[in-house]
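Notes for the one structure printed next.
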Amino acid sequence: MIRGVRGATTVERNEHDEIVEQSYQLLRDVIASNYIKATDVVSVYFTVTEDLNDAFPAKSLRKIDGWTYVPVMCMREIPVPGSLEKCIRVMVTVQTEISQKDIQHIYHNDAKQLRPDLKS
């Protein structure tokens with residue numbers, strides 16, 4: 001079965017190191033919480049709000065051993081008025097036997113307000 005695993009985080013500043021590090025922390029938790037192996041991943045998509053442009057969050061994926069060949073892309077989030085600022089979102093599409101209701105979507109920092117119904 002192919003499932004989507006979501007996650008989001010925020011940063012305080014539009015700075016390369018913070019964007020990459022927060023993205024890395026988010027990915028690490030998404031991977032660990034859902035027992036994801038790189039060989040089972042179809043693709044990874046990141047979006048960032050328009051106030052973030054100092055780094056590609058996809059660079060964080062390359063810091064993880066064994067993830068060199070996983071396809072990854074970055075895109076800009078739709079600039080909806082009043083939406084959460086300095087936000088990085090990720091969607092990992094993965095082959096898994098975990099049921100949809102048991103997928104662990106991960107939300108860090110101020111992004112927790114995006115899905116208060118989900119615990120992370």
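Summary table below
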{"quantity": "Peptides 89-101, 20-32 ordered by average Cβ neighbours within 10 Å, highest first", "calculated": "20-32, 89-101"}
{"quantity": "Potential extension, Asp65-Lys37 segment - 0.36 nm per residue separation minus Cα distance", "calculated": "9.0 nm"}
{"quantity": "Residue-by-residue Karplus 3J(HN,Hα) for segment 55-64, coefficients 6.51, -1.76, 1.60, Hz, glycine and proline x", "calculated": "7, 8, x, 4, 4, 5, 5, 6, 7, 9"}
{"quantity": "The chain, helix-only ellipticity at 222 nm - DSSP H runs n ≥ 4, -39,500 (n - 2.57), divided by all residues, nearest 500", "calculated": "-5000 deg cm²/dmol"}
{"quantity": "Dimensionless Rg over Rh [segment 1-68; C-alpha; Kirkwood]", "calculated": "0.96"}
{"quantity": "Convex hull volume per residue for the chain, taking Cα atoms only, in Å³", "calculated": "96 Å³"}
{"quantity": "In sequence order, calculated HN-Hα J values of segment 37-43 (Karplus, 6.51, -1.76, 1.60; Hz; x Gly/Pro)", "calculated": "9, 3, 5, 9, 8, 7, 6"}
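Only the coordinates and a few stated rules stand behind these numbers; no lab work does. A quick note: this is a predicted structure, and the numbers were derived from the prediction, not measured. All Cβ positions, even for glycine, are placed from backbone atoms using ideal geometry, and neighbour counts span all protein chains on display.
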